[in-house]
Amino acid sequence: MERFNQFLSPVLRGLLIVIAICLAGWIAYKILNAVLLKYGRKITGKTKTEIDDKFLEFIEKFLSRIFLIITLFFIGRYLATVVGEKFIHYFQEFLFVAVAVITTTVFIKLINLVIDWYLEKTDQKNRTNINQEFGPLLHRLVQIIIFTTGLLVILDHFHIDAKGLVATLGVGSLAVAFAAQDTIANMISGFVIMFDRPFRVGDRIRTPSDIYGEVYEIGLRSMKILDFEKNLHIIPNQEIIKSVVVNYSYPNPEVRVKVTVGVAYGSDLDRVKKIIIDIYKAHPDILETPEPSAYFIEFGDSSLNIMGVGYVSHYNVSWRVSEEIRMNVYKALNEHHIEIPFPQRDVWLHQAES
């Protein structure tokens, strides 16, 4: 053994030790990766959530980088005993930068993984597209914040004053904020709309500017409403968030169908109300609960006004149902010889004395 050691030159012996360290690190990585694949997936397969499966895939993806850093650390410790402390100083500085870069990347990927999981869960629950609309923006913000933090940590480690950089970034951000304050305000309002959920895509709403229609899309800067004429109204999010919006679809899509009719003075109101209620009950789209009803609401100038009330399961059919009930009420009143009067005026002529 002594002759063999004398035969090997120090360089060759060092190379073999480095190879042995690399081989040991590779074997340890393969063993731990196999354990994760075998037992980790069994554990995550028993849970109902998907976040643990994605987290396991994340660990498997970055496990090789972690073992690379550990292997480089042990190689550096060995070479320090051979080359000297000066080498280990430079090697440690290189290793610190590598660890900072890999740690920054891991944090970015991990936080984006959690963001994607939460937004996808929110989309499935509320039937929205938050992930598509705001996912890229959130990912970009996370990357900028964590990358900047990692860069400041590296600069501080090398005793580089980063105050000038921070001040420059602050002034630049302030200038951008002033130039794009309306856009930023609309984006923040879009976040509020997405997470507060006052309305969803497909809901029927009315805005203070009397725009009435269905929510077609909720975007990063604006929302779109499709009215009954198939015109698309594009409204900035900031205006929506500051306004009183009527939502006809929340908390449920049931809608009241009202029909008002005037009959002549002297008509049998109980009979008229029964006719209207029977027409409501006979319609297949009118709900049994709440039960349809009719009310005498007004002494008109030329008629006694009665309002029928019933409910349908969804606002999409309310216009059609109300039109069909008006037609049936008109036919029924004619069949029962109940007069629907025209506007009338009594004119009195008075002849003045000569």
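The table that follows gives values for the structure above.
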read-out	value
Residue in the stretch 325-333 that is closer than 30 Å to Ala185 by Cβ and outside any loop (DSSP other than H, G, I, E, B) present	no
Given (1) under 27 Å from His157 (Cβ atoms); (2) modelled with pLDDT of 70 or more; (3) among the hydrophobic types (A, V, I, L, M, F, W, C), index of the condition Ile27 fails	(1)
Pairs where the first residue, in the stretch 317-330, is assigned by TED's automatic domain parsing to the domain that holds Asp278 and free of Cβ contacts under 8 Å to residues at least 60 places away in the same chain and the second is in a helix (DSSP H, G or I) and of a type in the set (Phe, Trp, Tyr), C-beta under 8 Å, 6+ apart	none
Test: residue in the stretch 185-203 that is within 29 Å of Ile218 (Cα to Cα), surrounded by 15 or more Cβ atoms within 10 Å (Cβ to Cβ), at pLDDT below 80 and of a type in the set (S, T, N, Q)	yes
Residue match in the stretch 319-330 (condition: surrounded by 14 or more Cβ atoms within 10 Å (Cβ to Cβ) and farther than 30 Å from Thr207 by Cβ)	yes
Asp285 over 30 Å from Phe228 (Cα atoms) and of a type outside the set (Phe, Trp, Tyr)	no
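The values are calculated or read from the model by the stated rules, or taken from the named source; none is laboratory data. It should be emphasised that the depicted structure is a prediction, and the values quoted were computed from it without experimental measurement. For neighbour counting, all protein chains shown are included, and Cβ atoms are generated from backbone atoms with ideal geometry for every residue, glycine included.
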